[in-house]
Amino acid sequence: MKTYDFDKRIERRGSGALKYDALQERYGDKDLLPLWVADMDFETPSFIVDALKQRLEHPIFGYTVEPKEYWPTVCQWIADHHDWQVKPEWLTYIPGIVKGIGMAINVFVKEDEKVIIQPPVYHPFRLTTLGNGREVVYNPLRRKSDGFYEMDFENLEKVADAKCRLLVLANPHNPGGIVWDKETLVKLADFCYHRNILVISDEIHCDMALWDNKHIPFATVSPEAEACSITFGAPSKTFNIAGIVSSYAIVPNEQIRQRFFGWLTANELNEPTVFAPIATIAAFQKGEAWRQEMLRYVEANIDFVIDFCKQHLPAIRPLRPQASFLVWLDCTALGLSQSALVDLFVKKARLALNDGSIFGKEGEGFMRLNVGCPRSLLREALERLEKAIKEE
């Protein structure tokens, strides 16, 4: 029985929502239909809003301590959903996952050392590394005959030299929606451990595995993985609370933990805002029923996109994600340059999606579609695209 209304369309313009209120700046048109930045257009669940309202009833917002149930609640959620027995002392708050990547780069990678990424991949992996003055080493994913991706370990052997100190892993993968299998993760852990390469595993989409897929935390696949990794997670994608900034780091290895946590403590970067623990506790203690309904709705949205493209947009092939509400659209059969492809979506269809090329040159010919929205909005977007292509 359905409890929550994911069909409800909510006016977000004027609320400071990046997805809507940055359209003029980012796309040159404030009236586009936005299906880009990775937050959802669903209402943040009421049990989180109610918890925040309860705290707002107290009139003072001074310095706060972490609630005693904060980390035990996170540990219980991870144990229940991912079979990982995380100890509370392995955990710390971080003020965002991209920020956490930048912090790890500054702590563990010297200025003349390098960071490995595997494009097409979430673009801040590259931008944060370059912005911090470190060199990026590219190990592109290999596209398989079915259109999906796998890691290219042969190329990794070639490009990973003695200066490579860190590898940033998207697990699950963004934008491809891949839930990496254990064999792949074990192989990657073995490679990095024996070369003294730290793995930062971005697992922000871990609670959004779809259908019968199961997320595997990188640190759990082998002793080597546990010994050479930092895992970043958050309830933000799953429960649509990105603006609250509720991220955390998990570091099982004591030596890595002391070095990283010590740096965070020295700079007071491990202290959550008053609302982050409250929202996290509410999400992880009360959110399972909402999460299940949301995932079923997202799955139906993905099926809708795939079916619509098959019937009306045969030159666009959506890759069915194994996790998250992001769909990687293969538009190569349209035969357009990347600039013409973007022009088709933005100027002709009046849609704002993510340009595939921002994820690396391997993303040329692709667009990233956010389906975390009411189906009526998704239908409107695809009908606009169909009309624009017919008029080409």
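The numbers here are math on the coordinates, done by the rules we state, and not lab data. Since we're looking at a predicted model, the values are computed, not measured. Virtual Cβ from ideal backbone geometry, glycine too; neighbours counted across all protein chains shown.
Loop-located trypsin sites (Lys or Arg not before Pro) in region 309-392 (DSSP state other than H, G, I, E, B) with a sparse environment of at most 10 neighbouring Cβ atoms within 10 Å are absent. Please report the spacing between the Cα centers of region 208-237 and region 318-392 in Å, no decimals. Here the answer is 28 Å between Cα centres. Normalised by 2.2 N^0.38 Å, where N counts its residues, the alpha-carbon radius of gyration of region 61-285 equals 0.98.
A Förster radius of 25 Å, combined with the Cβ-Cβ distance separating Asp112 from Ile358, puts the computed FRET efficiency at roughly 0.40.
Rg/Rh for region 78-135 (Cα atoms only, Rh after Kirkwood) is 1.08. Pairs spanning more than 27 Å between alpha-carbon atoms, out of Lys87/Lys182; Lys310/Lys387; Lys310/Lys347; Lys19/Lys182; Lys99/Lys348; Lys286/Lys310: Lys19/Lys182; Lys99/Lys348; Lys286/Lys310.
Place a point 7 Å from the Cα of Trp263 along the Cα-to-Cβ direction; which residues of region 169-199 have their backbone N under 13 Å from it? So the set is 198-199.
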